[in-house]
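Undergrad: So that we are looking at the same thing, I have put the structure below in structure tokens.
The values are calculated or read from the model by the stated rules, or taken from the named source; none is laboratory data. The model shown is predicted, which means the values in this text are computed figures rather than measured ones. Reconstructed Cβ throughout: ideal geometry from the backbone, glycine too, with neighbour counts over all protein chains shown. Note: areas computed on protein heavy atoms with side chains; ligands, DNA, RNA excluded. Shrake-Rupley method; radii C 1.70, N 1.55, O 1.52, S 1.80 Å.
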Amino acid sequence: MGLEDRLVVRYSDTPMNPRQVKEAREASQLAPYASFSAQSLGRAHAESEDPLRTCYERDRDRIVHSAAFRRLAHKTQVFLTEEGDLQRTRLSHSLEVSQVGRTVAGVLQLNEPLTEALSLSHDIGHPPFGHRGELALNQLMAQFGGFRHNAQVLRVVDLLERRSPEYAGLNLTREVRESLLKHETSKDWPEEFQPKPARPCLEAQVTDLADSTAYNKHDLEDGLYAHMFTEDQVFEEVELWRRAVARVEARYPGFLASSPDRKLRIQRIANELIGEVIMDLIASTTARLAASGVSSSAEVRAFGTLLVGHSPDFEANVAELARFLNKRFYRHEHLQRYLEFAQQVLTGLFGAYRAAPEAMPAWYQSWAQEQGLERAICDFLAGMTDRFALREFKRLVGPLPQGFQPRLSQG
């Protein structure tokens, strides 16, 4: 008896394999407005169903095993990855988004594997050097269609990843592919996915809020660890931080004033902060869903407003935190110098590959014949890790640009 035969179980009186059992469990346990695996619109290239995994679990696994996902370990979140081993990378950020997303989706009775797949893949279109690299590539590609990381995510999963001789890309489900484009405008919406829905599915909406929740929390931590702003400044300007401090003091009297462990103090307060953010998100979304009257994923996608979100007062608190990070962190002079550095590195590499396409791997040279040289170079650059881009610059251009020095001391 084969493994699949041994794993066949009985659900009621109907023999089912493990995937079908999971689909039946979704039907009985998920909310009616969730995305159901058994109702997926399928894949661009037909494949037989997996006997063990739902279609969204299969998508998640393909993403985790992709080269683009592995490269996130060495791609900037905010700091250059060479600046230390403790700050977040795109990979650790994606894992934190997945943790928040699955927590929220589970409480709301949404599809957790779909939320996880979206959370883990939402940033695999980002180039090296974070948003600074994205700005640089968009400028370099201004005459060739531009660069948008959401669109690049779809290029990665549809075209650039290779896992089968039968098709390009990962052949993910329609729901995952479309949800990855959640920020694209109607003008840029692919013909394949027309008509553009009014709103994304709830799992995609959860992923979007999980993304901002995760980076607000970890950017506070990383900025404090790097001494780019102080705890006193956060306390003075961010209500959510003050409330978190009060809860920590109530739970651990005297700890914040007496502990010499700065990292533990920061982490304890940040954990309290994100806990409050998640609780409000769940409570507010639950109320919105009840008031909306939606009873299917299709109704969610046609609804007039987003249904996943914070309560009005709390949304103002989150906006205050975002303004603080924008002023004190993202616009910090160190990160502005990093922007100039990223632009110089990517501009130098772009010019080097245009002058000598043979310097690219053979696959990208062939890709240039199909997509055009500039788009092929852009795809190659977008897939690079920070450290590989720096090595290539030294190999093809020369010494790294001056004026930017990594902040190697954190803590």
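Undergrad: Using a 1.4 angstrom probe, figure out how much accessible area the chain has per residue, in square angstrom, rounded to the nearest whole.
TA: With the other protein chains kept in place, the chain gives 45 Å² per residue.
Undergrad: Can you count the Lys pairs in the chain with C-alpha separation below 26 Å, eight or more apart or on different chains?
TA: Value for the chain: 11.
Undergrad: May I ask you to rank H183, H93 by accessible area, largest first, using a 1.4 Å probe over the protein chains only?
TA: So the residues, ranked largest to smallest area, are H183, H93.
Undergrad: Give a residue-ordered list of calculated ³J(HN,Hα) values for the range 173-187 (Karplus: 6.51 cos²θ - 1.76 cosθ + 1.60, θ = phi - 60°; whole Hz; x for Gly, Pro).
TA: 5, 4, 5, 5, 4, 5, 5, 5, 9, 4, 9, 6, 7, 4, 4
Undergrad: Protein chains only, probe 1.4 Å: how do E166, E320 rank by accessible area, largest first? Spell out each step's value before the answer.
TA: On the way: E166 155, E320 50 Å².
Ranked list, largest accessible area first: E166, E320.
Undergrad: Something else: Could you give me D for the range 16-148, from Stokes-Einstein at 4 °C and 1.567 mPa s, where the hydrodynamic radius is the Kirkwood radius over C-alpha pairs? Units µm² s⁻¹, please.
TA: In µm²/s, the coefficient rounds to 77.
Undergrad: With a 1.4 Å probe and every protein chain kept in, tell me what percent of the accessible surface of the chain is carbon plus sulfur.
TA: With neighbouring chains kept in place, the figure for the chain is 51 percent.
Undergrad: With the calculation restricted to Cα positions, what are the radius of gyration and Dmax of the range 289-411 in angstrom?
TA: Cα radius of gyration and Dmax of the range 289-411 are 22.4, 61 Å respectively.
Undergrad: Hey, could you grab the Kirkwood Rh for the chain? Inverse mean 1/r over distinct alpha carbon pairs, Å, one decimal. Please report the intermediate quantities before stating the final value.
TA: Details: mean 1/r = 0.0432 Å⁻¹.
One decimal place: 23.1 Å for the Kirkwood radius.
Undergrad: Determine the gain in length on full extension of the stretch M16-N326; use 0.36 nm per residue of separation and subtract their C-alpha separation, reporting nm with one decimal.
TA: Contour length minus the Cα-Cα distance gives 106.4 nm.
Undergrad: Along the range 273-287, what does the Karplus equation 6.51 cos²θ - 1.76 cosθ + 1.60 (θ = phi - 60°) give for ³J(HN,Hα), rounded to whole Hz, x for Gly and Pro?
TA: 4, 5, x, 5, 4, 5, 4, 5, 4, 5, 5, 5, 5, 4, 5
Undergrad: Can you give me the P(r) profile for the range 250-307? Cα pairs, bins 10 angstrom wide beginning at 0, each as a whole percent.
TA: 19, 30, 18, 16, 15, 2
Undergrad: Now, a different point. Per the helix-only calculation at 222 nm, which mean residue ellipticity applies to the chain, given -39500 (n - 2.57) for every DSSP H run of n ≥ 4 and division by its residues, nearest 500 deg cm²/dmol? Before the final figure, lay out each step's value.
TA: Working: 20 runs with 238 residues, N = 411.
Computed mean residue ellipticity for the chain: -18000 deg cm²/dmol.
Undergrad: How much accessible area does C55 have with a 1.4 Å probe, in Å² rounded to the nearest 10?
TA: About 10 Å², rounded to the nearest 10.
Undergrad: For A359 and S92, calculate 0.36 nm times their separation in residues minus their Cα-Cα distance, and state this gained length in nm to one decimal. Intermediate values should be presented prior to the final figure.
TA: Numbers: separation 267, 0.36 × 267 = 96.12 nm, distance 3.13 nm.
Computed gain between A359 and S92 is 93.0 nm.
Undergrad: Stretch V397-A257 to full length: gain in nm at 0.36 nm per residue minus the Cα-Cα span? Could the numbers behind the result be given before it?
TA: Details: separation 140, 0.36 × 140 = 50.40 nm, distance 5.15 nm.
Gain in length upon complete extension: 45.2 nm.
Undergrad: Provide the solvent-accessible area of F380, counting protein heavy atoms only and rolling a 1.4 Å probe, rounded to the nearest 10 Å².
TA: 20 Å²
Undergrad: When all protein chains stay in place, what accessible area (Å², nearest 10, 1.4 Å probe) is found for V238?
TA: Estimated to the nearest 10 Å², V238 gives 0 Å².
Undergrad: By the gyration tensor of its Cα atoms, with a ≥ b ≥ c the square roots of the eigenvalues, what is the shape of the range 139-179: rounded for a/c under 1.5, prolate for a/b over b/c, or oblate?
TA: Oblate, because a/c is 1.5 or more while a/b does not exceed b/c.
Undergrad: Among 23-34, 246-257, what's the highest-first ranking by average C-beta atoms within 10 angstrom per residue?
TA: Highest to lowest by the protection proxy: 23-34, 246-257.
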